[in-house]
Amino acid sequence: GSYAIVLDEPVCAGPEERLILLEEFEVFCLESGLKSAYYRVEENSLSLFSEIGKKSLIIGQEAVIDLQNFTLEGKDKKSMRNGLNSIVKKGLKSVIYQAPIKDGLLQKLKFVSNDWLETTNREEIVFTQGMFEWEKLKQQTIITIENEDEQGGGFLKIIPDLAPGEATYDLIRKTADAPGGVTDALIIALIEYCKTRNIRYLNLGLAPLSGIDQAKGLPEKTLKFAYEKFQQFRHYRGLRDFKEKFSPRWSNKYLIYENHYDLISLPKALNKVMKP
């Protein structure tokens, strides 16, 4: 059957209102001949979904940095400090561009983005994150790592209003020949940007399939096996390792669904909504 796939969960005043909204949405789906699924739900909301008879499956962990406590000091940050120093020695620096972004810069960023998509053999993903859209990027804040000739090794786009006091980003991309440490430098520049604007938290986003070490039940055990053994899941582990360097707090995120049979067809549906 067809699915109505919801990103995150209802946003409203309290649990009673959320339950009413969920029940109304479930009735709408039933009357429309749709199965419902909710992607990237917080752990403290699981009881709300269990009240309406839903099942849950851990899909990964979200990383959030408390910027008040973040520091580059200490032995565990030595490798990152060395990488940042290397970036400076190579004549690269971070630059913040406020909207409106000039077409000349967007052209350079488009080259970086295309190079990243090609060399990593990836496609644009929508629904859970943004894609390179010229007119939208023109109106957003962008951080680059570039040289004196304004040639960029990498960039990211800032999303400032994810939650009160919390920022996040997407489109963190770099060229294949960019020096090591460029992605670290972009995150550090974003951290400094947030601190100057009294933003307390930086959300580094989801590390898919992370957090399933203590897998429960057949669905989670199957995911755990794939995460540990299969070649195509290696970049997920790399993503977890990259975010771990910034000492974030990790929180579990879940997929909410109707019954285990849905796990056969849901991946195809999710794949469909995440393609442009």
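The values are calculated or read from the model by the stated rules, or taken from the named source; none is laboratory data. Just so it is clear, the model here is predicted, and its values are computed rather than measured. As a convention, Cβ positions derive from the backbone with ideal geometry for all residues, glycine included, and neighbour counts pool all protein chains shown. Protein only, heavy atoms only, side chains kept; ligands, DNA and RNA dropped before computing areas. Shrake-Rupley method; radii C 1.70, N 1.55, O 1.52, S 1.80 Å.
Failed condition for Asn121, given (1) at positive phi; (2) in contact with a strand residue (DSSP E or B) (Cβ under 9 Å, 6 or more places away or on another chain); (3) without any contact (Cβ under 8 Å) to a residue 12 or more places away in the chain, with all others met?
Against the list (1) at positive phi; (2) in contact with a strand residue (DSSP E or B) (Cβ under 9 Å, 6 or more places away or on another chain); (3) without any contact (Cβ under 8 Å) to a residue 12 or more places away in the chain, Asn121 comes up short only on (2).
Report, ordered by the first and then the second residue, all pairs with beta carbons closer than 6 Å, sequence separation of six or more or different chains, a first member in segment 246-273 that is open to solvent by 30 Å² or more (accessible area, probe 1.4 Å), and a second member that is in a helix (DSSP H, G or I).
Asn252/Glu43; Leu263/Pro219
Could you tell me which of the residues Lys75, Lys102, Lys90 is over 25 Å from the mean Cα position of the chain (by Cα), within 26 Å of Lys245 (Cα to Cα) and free of Cβ contacts under 8 Å to residues at least 40 places away in the same chain?
Details: Lys102 fails: within 26 Å of Lys245 (Cα to Cα); Lys90 fails: free of Cβ contacts under 8 Å to residues at least 40 places away in the same chain.
Going through Lys75, Lys102, Lys90 in turn, just one is over 25 Å from the mean Cα position of the chain (by Cα), within 26 Å of Lys245 (Cα to Cα) and free of Cβ contacts under 8 Å to residues at least 40 places away in the same chain: Lys75.
Filtering segment 162-178 down to residues that are farther than 18 Å from Leu206 by Cβ and free of Cβ contacts under 8 Å to residues at least 60 places away in the same chain, which residue is least open to solvent (accessible area, probe 1.4 Å)? Write out each step before concluding.
Narrowing segment 162-178 to residues farther than 18 Å from Leu206 by Cβ: 164-165, 174-178.
Subset that is free of Cβ contacts under 8 Å to residues at least 60 places away in the same chain: 164-165, 177-178.
Values: Pro164: 130, Gly165: 39, Asp177: 129, Ala178: 17 Å².
Of everything passing the filter in segment 162-178, Ala178 is least open to solvent (accessible area, probe 1.4 Å).
Of all the helices (runs of 4 or more DSSP H) wholly in segment 1-107, which have at least 2 residues that are modelled with pLDDT of 90 or more, exposed (fewer than 12 other Cβ atoms within 10 Å of the Cβ) and not polar (S, T, N, Q)? Lay out the reasoning, then the answer.
Numbers: elements: 15-31, 46-50, 78-89.
Correct list: 15-31, 78-89.
Could you tell me whether segment 20-35 includes any residue that is touching a residue at least 60 places away in the same chain (Cβ under 8 Å) and touching a helix residue (DSSP H, G or I) at 6+ places or on another chain (Cβ under 9 Å)?
Within segment 20-35, the first condition is being touching a residue at least 60 places away in the same chain (Cβ under 8 Å), and the residues that meet it are 35.
Narrowing the set further to residues that are touching a helix residue (DSSP H, G or I) at 6+ places or on another chain (Cβ under 9 Å) leaves 35.
So far as segment 20-35 goes, yes, one or more of its residues are touching a residue at least 60 places away in the same chain (Cβ under 8 Å) and touching a helix residue (DSSP H, G or I) at 6+ places or on another chain (Cβ under 9 Å).
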